[in-house]
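Have a look at the structure below before the remarks.
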Amino acid sequence: MAILYLCPGRESETWVTPLERLLPNDEVWVWPEVPDPAKVEVVLAWKQPWDELKRYPNLKLISSIGAGVEHLVEDPTLPEGVPIVRIVEDRLTIGMVEYVVLHVLKRHRWVQEMEANQRAKLWKWLPPQDTPTTTVGILGMGALGGAAAAVLKQIGFRVVGWSRSPKAVAGIESFHGPDGLKPFLSVCAHVASLLPNTPETRGILNAETLAALPRGAHVINAGRGSAIVDADLLAALETGHVSWASLDVFNTEPLPADSPYWTHPRVTVTPHNAADSIADYVVPTIVENIERLRAGKPLQNLVDRTRGY
Ligand code: NAP
Ligand code: GLV
């Protein structure tokens, strides 16, 4: 079997080395060097050129090398019937939990204000905020959102979640579906989006839904930039309806030099690195799925093409 690493612009060595070590009887090729397209049975893909996947007539499995799969499900030439899997892995989850907790706590403990005060040599007491009555909302209670919610709950916050389907998680109030969105937002002092990029989630944080947040809410986005209508978020920051935005993902990446987010005094920009796929930990999960494919066993972390995630 040949396994093709089809991730243009991403380094390949850290992925190929563990793949070759764990699959010594298979061939591992790095696109665009494909000696025989008919031998490719597994593709590891990230932002592949559209048209490329249809070149492999014996493809049996496509694995994203990250949690997101919009680059696959939106590819108009995606071959019918080939299963798509994605990454759910502990290091990735830990990274995302750290990101969300970090940014919630920075606001909750007035870190940005105190850093400004330190620069001004200003000794200024700021009132403590009450953790159990501070509500953090997680948009997208999946592998990453569910883990972030659990840690925030453990710290002592009131935590609420919104997802497509209802969830029964002890101590975390669940909202779901389009009708549950505004009631969910209306209680959130902090709201963190960990939603995938699908037709339903695009622009979900817009003028109308942002208006449902309590005044002064903090918006965090580490899912996908497409969830936010930028002009509407900037307008809400201008009026103070949203007090701060912590953004890791953007509608255009890299974030263009002329984006107002770069210099906005109440926006924290990070370069889409909330949670990285670390090859040494992710490759064994991909190899597990390749072994399952060979053994005819059910695949893990299967993507539902019709839902888009
Ligand atoms: P996941 O397990 O598939 O969870 C997705 C969650 O979103 C689920 O709870 C799902 O609801 C919910 N959802 C999807 N569409 C919805 C809709 N229309 N209405 C309401 N809820 C909806 O995905 P994950 O592994 O947690 O990853 C989430 C996303 O994080 C990825 O898709 C990727 O875009 C992003 N990500 C970002 C980084 C970064 O570094 N910034 C790193 C990794 C991942 P149900 O539970 O009801 O299905
Ligand atoms: C990163 O953004 C991922 O989807 O894993």
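For this structure, a couple of remarks:
- Span-rule helices in the chain, defined as complete DSSP H runs reaching 20 Å or more along the axis (Cα) with Kyte mean at least -1.0: 90-108, 279-295
- Only helical runs count toward this figure. For the chain, summing -39,500 (n - 2.57) over DSSP H runs of n ≥ 4 and dividing by all residues gives -9000 deg cm²/dmol at 222 nm.
- Computed from label points 7 Å out along Cα-Cβ, the spacing between VAL111 and SER186 is 3.2 nm.
- Estimated inter-spin distance, ALA211 and ARG305, nm [label 7 Å along Cα→Cβ]: 4.0 nm
- For MET114, the accessible surface of its heavy atoms amounts to roughly 90 Å² (probe 1.4 Å, protein chains only, rounded to the nearest 10).
- Relative contact order computed over region 6-80 (Cα-Cα under 8 Å; 6+ residues apart), in percent: 30 percent
- The fraction of accessible area contributed by carbon and sulfur in the chain is 55 percent, rounded to a whole number (1.4 Å probe; ligands and nucleic acids excluded).
- For the chain, relative contact order (Cα pairs under 8 Å, six or more residues apart, normalised by length) works out to 17 percent.
- Relative contact order, whole percent, for region 91-269 stands at 16, derived from Cα pairs under 8 Å and 6 or more residues apart.
- ASP90/ILE155 FRET efficiency (R0 22 Å; Cβ-Cβ; nearest 0.05): 0.65
- Counting only protein heavy atoms and a 1.4 Å probe, region 91-269 has 48 square angstrom of accessible area per residue.
- Selected from ALA236, ALA150, ALA116 as most flexible by GNM, with the chain as the system and alpha-carbon contacts under 10 Å: ALA116
- Chymotrypsin sites (Phe, Trp or Tyr not before Pro) within region 153-198, DSSP loop, no more than 16 other Cβ atoms inside 10 Å: none
- Cβ charges +1 (Lys, Arg) and -1 (Asp, Glu), total dipole of the chain, debye: 1040 debye
- The calculated FRET efficiency for the pair ARG294 and GLU200, based on their C-beta separation and a Förster distance of 25 Å, comes to about 0.10.
- With the simple model of a label 7 Å out from the Cα in the direction of the Cβ, VAL169 to ASP280 spans 2.9 nm.
- Cut-off 13 Å between beta-carbons: net charge of the residues surrounding ALA279, Lys and Arg +1, Asp and Glu -1: -3
- With a Förster radius of 22 Å applied to the beta-carbon distance between ARG55 and GLU80, the computed FRET efficiency rounds to 0.90.
- Residue range of the chain that is longest and free of GluC sites (Glu not before Pro) which are both DSSP loop and sparsely packed (at most 14 other C-beta within 10 Å): 81-199
- Comparing TRP15, TRP29, TRP110 in a Gaussian network model of the chain, where Cα atoms under 10 Å apart are tied by springs, the biggest mean-square fluctuation is seen for TRP110.
The values are calculated or read from the model by the stated rules, or taken from the named source; none is laboratory data. Keep in mind that this is a model prediction, so the values were computed, not measured. Note that each Cβ is placed from the backbone with ideal geometry, even for glycine, and that neighbours are counted across all protein chains shown. With ligands, DNA and RNA removed, areas are computed over all heavy atoms of the protein, side chains included. Shrake-Rupley method; radii C 1.70, N 1.55, O 1.52, S 1.80 Å.
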